[in-house]
Amino acid sequence: MTDNFANDVLKGLTAKNKHLPSKYFYDDNGSRIFQEIMNMPEYYPTNAEFEILSMQSKQIFEALKFSGPFNIVELGAGDGFKTFKLLEYLVQNDVDFHYVPIDISQEAIDILTQRLKEKLPSLKIHPKVGDYFEILKENKQSDYPSLLLFLGGNIGNYLEERAKELLQLFNENMKTGDKLLIGFDLKKNPIIIHNAYYDKHGITKRFNLNLLIRINRELDADFKIDDFDFYCYYNPTTGNVKSYIVSLRKQTVHLKAINEVIHLDYDELIWTELSKKYALEEISELANHAEFTVENNFLDCKHYFTDSLWTK
């Protein structure tokens, strides 16, 4: 149990409008449930981005216009499933580059490194575990230009001001001429988005309620999981998908590990996640605000998703 987890949970559950940070979804069980979400036929983002990186690796590489060796630095590399197609293309075409996957999970990095060494034995890989920005600071000293990867539409989980701050931080930790390839889920038919996040299989509900199970385990709490439901909605004007845990009755929960009591009202909401969908104009505005130039938007065939290439 970390103090950060306890502090964030307490702060969120005692706020006037209750909330819990979505980063805490991903304990071991949460990560497994998220794999199930990604395998649902309705959940399009993974397949859309996989298509882009599979079918357009050559175009992405050519758009970089790097004349010599370069680094590919991936922020939150995870299992490297999508990135593999880009790496494979570059290795097969004898491109001179170094791959630097970064993740906060040592286990994820170990599995990824092992897998890549088996499948792409000639790949020059320098895995790093830890804070993005510490590692980016080191990378800024490299003699080679860099391509930063921030894939998966993760930027959509940040409120607008926070997203701007994050992109500004990326910019500050890059050299002039470095590139950023960043994934954005695009605005589209609201029904498609609704079905992806409010799935009829109930997997997203399990994913959200697993957060309460984690709090029970790590903070010795007594959330009764059957007394909660899940709700989410998409606002096609703002592009925001918001997810909530709903208290089905008036109840009191004890967090015994930190000696705190939480009171929940009938039908009270706990906001768990934001997942924003973008229009292409909004992507340009974000890039300009953080002092990047948009070079290209690589789109899947249905125009559901883009990997946007920016230059500092």
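The values are calculated or read from the model by the stated rules, or taken from the named source; none is laboratory data. Remember, it's a predicted structure, so these values are computed and weren't measured experimentally. Using ideal geometry, Cβ is built from the backbone for each residue, glycine included, and neighbour counts are taken over all protein chains shown. The area values use the complete protein model at the heavy-atom level, side chains included, leaving out ligands, DNA and RNA. Shrake-Rupley method; radii C 1.70, N 1.55, O 1.52, S 1.80 Å.
Only a single criterion out of (1) within 19 Å of the chain's Cα centre (by Cα); (2) among the polar types (S, T, N, Q); (3) crowded, with 18+ Cβ neighbours inside 10 Å is not satisfied by residue 35, namely (3). Touching a residue at least 24 places away in the same chain (Cβ under 8 Å), more than 19 Å from residue 9 (Cβ to Cβ), part of a strand (DSSP E or B) and open to solvent by 10 Å² or more (accessible area, probe 1.4 Å): does that describe residue 233? Judged against the criteria, residue 233 is a match.
Residues in segment 131-175 that are in a helix (DSSP H, G or I) and of a type in the set (Asp, Glu) were compared, and the one that is surrounded by the fewest Cβ atoms within 10 Å (Cβ to Cβ) is 161.
Go over the candidates 248, 211, 264 one by one and state the one that is more than 28 Å from the chain's Cα centre (by Cα), on the phi < 0 side of the Ramachandran plot and surrounded by 20 or more Cβ atoms within 10 Å (Cβ to Cβ).
On the way: 248 fails: surrounded by 20 or more Cβ atoms within 10 Å (Cβ to Cβ); 211 fails: more than 28 Å from the chain's Cα centre (by Cα).
Of 248, 211, 264, the one residue that is more than 28 Å from the chain's Cα centre (by Cα), on the phi < 0 side of the Ramachandran plot and surrounded by 20 or more Cβ atoms within 10 Å (Cβ to Cβ) is 264.
In this structure, is residue 281 within 20 Å of residue 166 (Cα to Cα), of a type outside the set (Lys, Arg), open to solvent by 20 Å² or more (accessible area, probe 1.4 Å) and part of a loop (DSSP other than H, G, I, E, B)? Answer is no for this residue. Look at segment 287-312: where a residue is part of a helix (DSSP H, G or I) and a partner is surrounded by 14 or more Cβ atoms within 10 Å (Cβ to Cβ) and hydrophobic (A, V, I, L, M, F, W, C), sitting 6+ places away or on another chain with Cβ atoms under 6 Å, you get 287/294; 287/310. The residues of segment 200-220 that are touching a Lys or Arg at 6+ places or on another chain (Cβ under 8 Å) and touching a residue at least 40 places away in the same chain (Cβ under 8 Å) amount to a single one, 219.
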